[in-house]
């Protein structure tokens, strides 16, 4: 169960223009419903984050956090949380400067909360 990527500039701009956003201390998440049956993820790091090495590290951490969240929600023994990941969304994540001091768990928790606010993580009975 992989996640497709947003790669082209026009895809990012379309999500910024038409999508909804929520923010935390570490990241901003833009969400827009798409017409495909899977989610597409894009991470956009500005130069405020630092040099290319730091930007790429934050990009990798965010993608891994999203992958782990999706994996945890897709497992069969998900009886504890009773949540699932909604499909059919374009998701753009933008890290903010304080992310440089954040641990991986902080990033993952922040992303989980923002996805829940956007109703990408749904409850089921």
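Here are some notes:
- Filter result (closer than 12 Å to residue 90 by Cβ and in a helix (DSSP H, G or I)) within region 15-51: 15, 16, 17, 18
- Residue match in region 61-70 (condition: in contact (Cβ under 8 Å) with a residue 60 or more places away in the chain, part of a loop (DSSP other than H, G, I, E, B) and either closer than 24 Å to residue 11 by Cβ or in contact with a strand residue (DSSP E or B) (Cβ under 8 Å, 6 or more places away or on another chain) (or both)): no
- Of the residues 107, 49, the single one that is at pLDDT below 95, touching a helix residue (DSSP H, G or I) at 6+ places or on another chain (Cβ under 8 Å) and either crowded, with 16+ Cβ neighbours inside 10 Å or within 18 Å of residue 32 (Cα to Cα) (or both) is 49.
- Some residue of region 86-106 being touching a residue at least 12 places away in the same chain (Cβ under 8 Å), part of a helix (DSSP H, G or I) and closer than 20 Å to residue 118 by Cβ: yes
- Selection over region 4-26 of residues that are over 18 Å from residue 106 (Cβ atoms) and either surrounded by 15 or more Cβ atoms within 10 Å (Cβ to Cβ) or free of Cβ contacts under 8 Å to residues at least 60 places away in the same chain (or both) gives a count of 16.
- Checked against the criteria, residue 29 counts as touching a helix residue (DSSP H, G or I) at 6+ places or on another chain (Cβ under 8 Å), under 16 Å from residue 115 (Cβ atoms) and in contact (Cβ under 8 Å) with a residue 60 or more places away in the chain.
- Residues satisfying the stated conditions in region 52-65, i.e. surrounded by fewer than 16 Cβ atoms within 10 Å (Cβ to Cβ) and either under 16 Å from residue 7 (Cα atoms) or under 11 Å from the mean Cα position of the chain (by Cα) (or both): 56, 60, 64
The values are calculated or read from the model by the stated rules, or taken from the named source; none is laboratory data. Since this is a predicted model, take the numbers as computed values, not measurements. Positions of Cβ are generated from backbone atoms using ideal geometry, with glycine treated the same way; all protein chains shown enter the neighbour counts.
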